[in-house]
1. Remind me, relative contact order of the chain in percent, using alpha carbon pairs under 8 angstrom and six or more residues apart?
2. At 7 Å along Cα-to-Cβ for each site, give me the label-to-label distance between Asp40 and Asp61 in nm.
3. Report the Cα centroid-to-centroid distance between the stretch 1-76 and the stretch 85-99 in angstrom, as an integer.
4. So if each residue of separation counts as 0.36 nm, and I subtract the Cα-Cα distance between Thr68 and Gln13, what length gain in nm does that give?
5. Considering only protein heavy atoms, what per residue accessible area in square angstrom results for the chain with a 1.4 angstrom probe?
6. Tally up the carbon and sulfur contribution to the accessible surface of the chain as a whole percent, 1.4 Å probe, everything protein left in place.
7. Whose amide H sits under 5 Å from the amide H of Phe67, counting only residues 5 or more places off or on another chain, with H placed in the peptide plane?
8. Set the bar at 25 Å for Cα to Cα. Now go through Lys75/Lys101; Lys43/Lys86; Lys58/Lys100; Lys43/Lys101; Lys58/Lys86 and name every pair that lies beyond it.
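The values are calculated or read from the model by the stated rules, or taken from the named source; none is laboratory data. Everything numeric here is computed off the predicted structure, so don't read it as measured data. Cβ sites come from the backbone with ideal geometry, for glycine too, and all protein chains shown count toward neighbours. Heads up: the accessible areas ignore ligands, DNA and RNA and are worked out on the full protein's heavy atoms, side chains in. Shrake-Rupley method; radii C 1.70, N 1.55, O 1.52, S 1.80 Å.
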Amino acid sequence: QVQLVESGGGLVQPGGSLRLSCAASGNFFRINAMGWYRQDPGKQRELVASITSGSSTKYADSVKGRFTISRDNAKNTVYLQMNSLKPEDTAAYYCHAEVKKSWRSVADDYWGQGTQVTVSS
């Protein structure tokens with residue numbers, strides 16, 4: 001079984017910063033892409049940022065220049081540094097990983113339990 005455990009959410013004032021972490025554990029062969037999604041109640045989950053195993057990154061237009069995604073492959077961990085936070089960044093943030101259980105298997109999608117980020121004065 002593969003588990004993704006997130007940490008780092010919380011309450012922050014507008015203009016502040018937070019750093020989210022997500023560590024993968026369990027039995028697997030390799031992790032391909034990892035990423036962060038967010039979701040407001042009543043809205044669809046949206047991609048915030050993603051990073052490949054080779055560290056190529058992709059960002060939603062709304063967070064470009066403010067958020068930075070990175071990963072430590074040795075620790076199977078992905079990070080999201082969020083700066084200049086705005087009230088509209090308030091959401092539950094979910095970690096995502098594409099995980100291969102063995103060298104011959106296709107990659108399956110795994111999700112963390114979510115961590116709440118609230119930006120408010």
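1. 36
2. Label at Asp40, label at Asp61, 1.7 nm between them.
3. Here the two parts' Cα centres lie 7 Å apart.
4. Gain in length upon complete extension: 17.9 nm.
5. On the way: 6540 Å² over 121 residues.
Here the per-residue accessible area is 54 Å².
6. 45
7. Asn83
8. Pairs exceeding the cut-off: Lys43/Lys101.
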